[in-house]
There are 2 protein chains.
Amino acid sequence: MNDLVDGFTCAECLKKCSLFKTLSKEQLDEIYNHRYDTTFREGEVIAKQGSPISNVVSLSDGLAKLVLETPGKPDILLSIVKPTNLITSPGMFLDNRYHFSVISLTDTKACFINMTIIRQLFGENKEFQKRFHYSVGERSVMLFSRFRNLIHKNMAGRLADAILFLSNEIYESPEFNMDLRRSDLAEYSNMTKESVSRILKEFKEQKLFHIENDTARILDMNRLVQIARNG
Amino acid sequence: MNDLVDGFTCAECLKKCSLFKTLSKEQLDEIYNHRYDTTFREGEVIAKQGSPISNVVSLSDGLAKLVLETPGKPDILLSIVKPTNLITSPGMFLDNRYHFSVISLTDTKACFINMTIIRQLFGENKEFQKRFHYSVGERSVMLFSRFRNLIHKNMAGRLADAILFLSNEIYESPEFNMDLRRSDLAEYSNMTKESVSRILKEFKEQKLFHIENDTARILDMNRLVQIARNG
DNA sequence: GATTAATTGTGATATATATCATGTATGTTT
DNA sequence: AAACATACATGATATATATCACAATTAATC
């Protein structure tokens, strides 16, 4: 985890989210003057459900989860964000509040960019605005697929989905460091952590997937995809 | 079900969606010149998941359901739209495809407004654009609450939710004509129609809610709310 | 109005998953 | 290194809900 963010302007930063690549040098400098970055330790709250959205958050290092909180009920893990992802929230165009919480899964570094500047850039740069709405649409469609996974599939299918999501979307490799606890996997797959343990054991026995010393590895991608599909 | 739409321009129409009230006479006339209206019988497909979004649909009469389709699995009823509601889709800013289907629950009448005109109006009328994005945000947040309902609650809670949604949001009365079949309620509440029957029977026995000759009536709002809450 | 089809209701049984209780490993603090 | 806390694993049991089979309405068609 190196330190590229610090000491660089947004224009120079190699860890800015892809959305920002549509911006001019001047616009990036404008952002640079209205941003700050912070580090978080594992488990800390980066943004709290219900609180006002005064900044857009761009993750530069680490991993974070988006969770729906409900008093007295387990959290629902909606999605995971990785570096270079901008965390947009539907509340931005609605009531200016977060409708989910963002919690770090590892030590993370994040840039907070003043919301007013973002809105101002919408007027100045149509391409930026277009891409911003694109990413909002993307997250909505992703929620539809979450709906399907959670509602239609059995536990093995849901957990296989979680593993494939991590491998394909987050770590982009069949082998990766498992930064999620069993309880995170449970929140993602809508089951208890006990059930996660049991199914993980099955996957290991069937030589589909295993975790050893925090290193996760997909051993039989085809069968795992099949379980996720038919689940 | 009267005929206000026909023979009226958009400017005169009393059934235009509230979003359009931000538009000027000229802008409404522009819409009027790029719209057509159609009627649908119960059960007909107004918009099909996967097909291109060439129009924005405004419901002027009847009721329609938004459903997530998955081959080989039961549909997931996401929401219901009623007259004066505009049907926006996250695909509009993404891949220009419907990510759910819209199916009429009753005989309906709908206005189809050319998408290009809508996009054009975004540039002309900031207030219109702003409200449009507001309604997109609203639908997203509504999905979060659907997530919670379906994931955290037991069957009685989920069905009580469905009934309260119909009463509060759709019919705006504790008594209403039940346009949904048991199977629609099942799709909304993620259970089988057999289970819907059984719980409806319980609600009737406990004098909370009953349906007689397609007329639904909430008998004990407080207890129903409590069941939906604690569910 | 009789016949057929579709929707709804009901009971018996099966099944997936949660819950609870407890054990084991792993890591952290003093 | 010992004591404690935290994460993970596993077994026995309970429970909610689906499934299946069929009965009873209600609606549609000839």
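The values are calculated or read from the model by the stated rules, or taken from the named source; none is laboratory data. These figures come from a predicted structure and were not determined experimentally. Cβ placement follows ideal geometry from the backbone for every residue including glycine, while neighbour counts extend to all protein chains displayed. Only protein heavy atoms, including side chains, enter the accessible area calculation; ligands, DNA and RNA are left aside. Shrake-Rupley method; radii C 1.70, N 1.55, O 1.52, S 1.80 Å.
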**Message:** Could you work out the relative contact order of the range B:153-230? I mean the mean sequence separation of Cα pairs under 8 Å and 6+ apart, divided by the number of residues, in percent.
**Reply:** 40
**Request:** With runs of 4+ DSSP H residues as the only contributors, calculate the mean residue ellipticity of chain B at 222 nm using -39,500 (n - 2.57) per run, divided by the residue total and rounded to the nearest 500.
**Result:** -12000 deg cm²/dmol
**Asked** Can you give the Rg to Rh ratio for the range B:18-139, taking only C-alpha atoms and Rh from Kirkwood?
**Response** 0.96
**Fill in**
Using eta = 0.692 mPa s and T = 37 °C, Stokes-Einstein with Kirkwood Rh from Cα pairs puts D for chain A, in µm² s⁻¹, at 175
**Request:** Can you pull out the buried accessible area for chains B and A, both sides counted, probe 1.4 Å, rounded to the nearest 100 Å²?
**Result:** 3100
**Item:** Other-copy label distances relative to B:GLU138, 7 angstrom Cα-Cβ extension, nm
**Value:** 2.7
**Copy-to-copy label separations for B:GLY231, where each label sits 7 Å from Cα toward Cβ, in nm and ascending** = 2.3
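Taking a ≥ b ≥ c as the square roots of the eigenvalues of the Cα gyration tensor of the protein assembly as shown, is the shape rounded (a/c under 1.5), prolate (a/b larger than b/c) or oblate?
It comes out oblate by the Cα gyration axes.
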**Prompt:** Within a Cβ distance under 15 Å of A:PHE128, other residues only, what is the Lys/Arg minus Asp/Glu net charge?
**Reply:** +2
**Message:** Run the label-point distances for A:THR38 please: 7 Å along Cα to Cβ, every other copy, nanometres, shortest first.
**Reply:** 5.1
**Item:** Area accessible to solvent at A:TYR134, 1.4 Å probe radius, in Å²
**Value:** 100
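If you roll a 1.4 angstrom probe over the protein chains with everything in place, what fraction of the accessible area of the range B:20-133 belongs to carbon and sulfur, to the nearest %?
Working: 2280 of 4530 Å².
Heavy-atom surface of the range B:20-133 belonging to carbon and sulfur, 1.4 Å probe: 50 percent.
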**Asked** Tell me, what is the FRET efficiency for B:ILE211 and A:ASN230 to the nearest 0.05, using R0 = 45 angstrom and their Cβ-Cβ distance as r?
**Response** 0.75
**Asked** Where the centroid of each part is defined by its Cα atoms, how far is the range A:192-229 from the range B:10-63 in Å?
**Response** 49
**Complete:** With a 1.4 angstrom probe the carbon and sulfur portion of accessible area for the range A:153-230, in percent, totals 42
**Item:** Distance in nm between pseudo-label sites at B:GLU69 and B:ASN222 (7 Å out along the Cβ direction from Cα)
**Value:** 4.6
**Complete:** Honestly the range A:99-148 on the Cα gyration tensor test (a ≥ b ≥ c root eigenvalues; a/c under 1.5 rounded, otherwise a/b vs b/c for prolate or oblate) is just oblate
**Request:** List the residues of the range B:52-74 that lose 40 Å² or more of accessible area once all protein chains are present, compared with their chain alone (1.4 Å probe, heavy atoms only, no ligands or nucleic acids).
**Result:** B:LEU68, B:LYS73
**Request:** When a/c is below 1.5 the answer is rounded, else prolate if a/b is larger than b/c, else oblate, so apply that to the range A:153-230 with a ≥ b ≥ c taken from the square roots of the Cα gyration tensor eigenvalues.
**Result:** rounded
**Fill in**
The answer for chain A, accessible area per residue at 1.4 Å probe in Å², is 45
